[in-house]
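Q: The structure that follows is given in the form of structure tokens.
The values are calculated or read from the model by the stated rules, or taken from the named source; none is laboratory data. What you see is a predicted model; the values in this text were computed from it and never measured. Here the Cβ is made from the backbone with ideal geometry for all residues, glycine too, and neighbour counts use every protein chain on show. We work out accessible area using only protein heavy atoms, side chains counted, and drop any ligands, DNA or RNA first. Shrake-Rupley method; radii C 1.70, N 1.55, O 1.52, S 1.80 Å.
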Amino acid sequence: SVRAATTMGPATQVGLNPRYWNTGTDVPEAFSPDGQTAVVVSTDLAHLQLYLRDLRTSERRVLVNRVNNERPGTARMSPDGRWVAYAWMTYVPRTLGLRVIGTARGSEGRTLIPQQDQNGVRVIGWTPDSASILIELRRGQRPAEQSATSLAWVNASDGTVRIIKTFDNWRMGPQ
């Protein structure tokens, strides 16, 4: 049986901004279809990584390391267990994109939505055949509270975006 941690350790403030805290505990973003592997974006802001954690052995296999001014964000594993889709963010200038990387050792990532003209990208899930990725997408550089947000399907092969519905002034993420 697989058991995930539900409690976090003591929180410490990271930097001068009071919004950024590190609990010292990495929380899974998603799980493999067999429930044996967790997809995790680390909470350590100095060493942000996207990695797979084998829940039987606790082995940690890094898929993506933070690179300079960029870091991985929300992530979901495909239903066939072969891919992880993840948001990718740069700090200065603030841009977000969408990438996928294979779960096999040595896999190379590829960009589906380039880091431009996005104010927010959040990966929600995949189609059952692993062909498309459902995302929240906020375009433009307006403040978040004024941005229109779209639900969109992204083709996992070629990055084609198909907007399903656009909402005015919709806040991304959990409400």
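Q: When only residues in segment 30-66 that are part of a loop (DSSP other than H, G, I, E, B) and small (Gly, Ala, Ser) count, which is nearest to the chain's Cα centre (by Cα)? Step through it out loud before you land on a result.
A: Initial filter on segment 30-66 (part of a loop (DSSP other than H, G, I, E, B)): 32-36, 42-44, 48, 55-59, 66.
Those left that are additionally small (Gly, Ala, Ser): 32, 35, 42, 58.
Working: 32: 15, 35: 19, 42: 11, 58: 21 Å.
So, considering only residues that are part of a loop (DSSP other than H, G, I, E, B) and small (Gly, Ala, Ser), the one nearest to the chain's Cα centre (by Cα) is 42.
Q: Now a separate question. Restricting attention to segment 58-84, which residues are modelled with pLDDT of 90 or more, touching a Gly at 6+ places or on another chain (Cβ under 9 Å) and open to solvent by less than 20 Å² (accessible area, probe 1.4 Å)?
A: The one that is modelled with pLDDT of 90 or more, touching a Gly at 6+ places or on another chain (Cβ under 9 Å) and open to solvent by less than 20 Å² (accessible area, probe 1.4 Å): 84.
Q: Sticking with this one: Residue under question is residue 19, and the condition is that it be open to solvent by 40 Å² or more (accessible area, probe 1.4 Å), modelled with pLDDT under 85 and in a loop (DSSP other than H, G, I, E, B); does it hold? Quick ask: steps written out before the conclusion?
A: Values: open to solvent by 40 Å² or more (accessible area, probe 1.4 Å): yes; modelled with pLDDT under 85: yes; in a loop (DSSP other than H, G, I, E, B): yes.
Taking the combined requirement at face value, the residue satisfies it.
Q: In addition: Starting from residues that are among the basic types (Lys, Arg) and part of a strand (DSSP E or B), keep the ones in segment 100-154 and report whichever is modelled with the lowest pLDDT.
A: Top of the filtered list is 139.
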